[in-house]
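Below: one structure, written as structure tokens.
The values are calculated or read from the model by the stated rules, or taken from the named source; none is laboratory data. The structure displayed is predicted, hence computed values, not measured ones. In this analysis, Cβ positions are derived from the backbone assuming ideal geometry, glycine residues included, and neighbour counts consider all displayed protein chains. Surface accessibility is based on the protein's heavy atoms, side chains included, excluding ligands, DNA and RNA. Shrake-Rupley method; radii C 1.70, N 1.55, O 1.52, S 1.80 Å.
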Amino acid sequence: MSAERITIHDKTFELSIPETEIQAAVKNVADKIKADYAGKHPLFVVVLNGAFVFGADLFAQMQDLPCQVAFTKIKSYNGINSTGTVAEQLPVTEEVTGRHVIIVEDIVETGYSMQYLLERINSYHPASVEICAFSHKPEQCKVPGLKVKYVGMKLPEAFIVGYGLDYNQNGRQLRDIYSLV
């Protein structure tokens, strides 16, 4: 059983979403992607660091869909706050030209990171690009018309950790999701 409350650095978090609910949401998204991409051999571009756990669980569900995985790393947060700017730390690690690309992200909030990645990936002329996020907060989106096609689940409005999400690079390893108290 998971702890009901945890402390990371100077902050206390309480259990919000158990792993069983998370895995059910991942399977639901995977089933939709498999139906949409049958016969297309998509390339999953997982955004590091936050989406690596979601990306791994999602990719593991693709056993009957020929596909590949690549990675990119961008940074837009410092602590619990968005910096408002996006910095690329690792370009996409595979060729995307002519490929059906699915960007895998942990959370889409303001949309600035996704806008940046869409521009970068589209500059290489993929066959198609869609966004898959573990969670999306459309009410916080500042990018008009940004479409997140695949969304795992709604998350609490509080700052959260676990399932790849961190507080100052800690808490990513937690299989459950915890909210800041």
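Points worth noting:
- Some residue of segment 131-140 being over 18 Å from residue 28 (Cα atoms), under 16 Å from the mean Cα position of the chain (by Cα) and crowded, with 20+ Cβ neighbours inside 10 Å: no
- Of all residue pairs spaced 6 or more apart or on separate chains, those with beta-carbon atoms under 6 Å, a first member in segment 163-174 that is of a type in the set (Asp, Glu) and a second member that is open to solvent by less than 40 Å² (accessible area, probe 1.4 Å) are 166/172.
- Among residues of segment 36-60 that are within 21 Å of residue 166 (Cα to Cα), those with a Cβ under 9 angstrom from a residue that is open to solvent by 10 Å² or more (accessible area, probe 1.4 Å) and hydroxyl-bearing (Ser, Thr, Tyr), sequence gap 6+ or separate chain, pair up as 45/93; 47/113; 50/77.
- Condition met for residue 123 (surrounded by 20 or more Cβ atoms within 10 Å (Cβ to Cβ) and out of contact with any Phe, Trp or Tyr (no Cβ under 8 Å at 6 or more places or on another chain)): no
- Selected residue [closer than 25 Å to residue 23 by Cα and modelled with pLDDT of 90 or more] from 96, 143, 129, 92: 129
- Residue check for residue 154: open to solvent by 60 Å² or more (accessible area, probe 1.4 Å) and within 13 Å of the chain's Cα centre (by Cα): yes
- Matching residues, segment 159-181, being charged (D, E, K, R) and under 13 Å from the mean Cα position of the chain (by Cα): 166, 172
- Only residues that are hydroxyl-bearing (Ser, Thr, Tyr), more than 20 Å from residue 34 (Cβ to Cβ) and either assigned to a loop (DSSP other than H, G, I, E, B) or over 17 Å from the mean Cα position of the chain (by Cα) (or both) were counted in segment 102-130, giving 3.
- Scanning segment 163-172 for residues that are out of contact with any helix residue (DSSP H, G or I) (no Cβ under 8 Å at 6 or more places or on another chain) and under 17 Å from residue 46 (Cα atoms) yields 165, 166.
- Any hit, segment 65-75, residues being without any contact (Cβ under 8 Å) to a residue 40 or more places away in the chain, touching a Ser or Thr at 6+ places or on another chain (Cβ under 6 Å) and open to solvent by less than 30 Å² (accessible area, probe 1.4 Å): yes
- Qualifying residue in segment 166-179 (condition: open to solvent by 20 Å² or more (accessible area, probe 1.4 Å), touching an Asp or Glu at 6+ places or on another chain (Cβ under 7 Å) and within 30 Å of residue 119 (Cβ to Cβ)): yes
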